[in-house]
Amino acid sequence: MNTRAAGADRFGAGLARLHGSCNVLGGLWPLVHRRSFEAVFGAKQDRWLMYTVAGLLVGNGTAQLLSADTPEGQRSARRVGVATAATLLTVDLVYAPPGRIPKTYLLDAVMEGAVLAAWLWHAGTRRS
């Protein structure tokens, strides 16, 4: 049985689920096991900030995962996804190269850039 609404597509639904899952898992990691997170991304002086960003990622990812499988639901997931990926990508690219944050954040930049490109491609295909 197909529960997909008219105008919705598999790519958009799959991208919303994939990106939402990555955001939830990425946000939960420092909340569940701070030591391993800091081993990869460096010790944090302002842990409140790490926890705040983690909570926002969990919330954004949950919104994407719960988005309806309709054209409007996919647009909503895309808006949250583009805003999240663009923000994280910007922070990664501004602060990692000069060494303000560890270079491992450049790995995150690659992922955020790929997700952002996928969302923008999807938006372009939905307009035609």
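Readers should treat all values here as calculations from the given coordinates under stated rules, not as data from a laboratory. These numbers were taken from a predicted model, which means no experiment stands behind them. In this analysis, Cβ positions are derived from the backbone assuming ideal geometry, glycine residues included, and neighbour counts consider all displayed protein chains.
The table for this structure:
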{"quantity": "Helix-only [θ]222 nm of the chain, DSSP H runs n ≥ 4, -39500 (n - 2.57) each, per residue, nearest 500", "calculated": "-26500 deg cm²/dmol"}
{"quantity": "Segment residue 68-residue 25, length gained on full extension (0.36 nm per residue, minus Cα span)", "calculated": "13.4 nm"}
{"quantity": "Cα-based helix-to-principal-axis angle, 47-65 vs the chain, degrees rounded to 10", "calculated": "10"}
{"quantity": "Local electrostatic count, residue 31, Cβ distance below 13 Å [Lys/Arg +1, Asp/Glu -1]", "calculated": "+3"}
{"quantity": "Descending semi-axes in Å of region 10-127, equivalent ellipsoid built from Cα gyration tensor", "calculated": "27, 16, 10"}
{"quantity": "Average Cα contact separation per residue, the chain, under 8 Å, 6 or more apart, as relative contact order %", "calculated": "29"}
{"quantity": "Local electrostatic count at residue 15 - Lys and Arg +1, Asp and Glu -1, tallied over other residues with Cβ under 11 Å", "calculated": "+2"}
{"quantity": "Contour excess over end-to-end distance, with Cα ends at residue 107 and residue 39 and 0.36 nm allotted per residue", "calculated": "23.0 nm"}
{"quantity": "Local electrostatic count, residue 88, Cβ distance below 10 Å [Lys/Arg +1, Asp/Glu -1]", "calculated": "-3"}
{"quantity": "Alpha-carbon centroids, region 103-122 and region 29-62: separation in whole Å", "calculated": "19"}
{"quantity": "Cα gyration tensor shape for region 15-60, rounded if a/c is under 1.5, else prolate or oblate", "calculated": "prolate"}
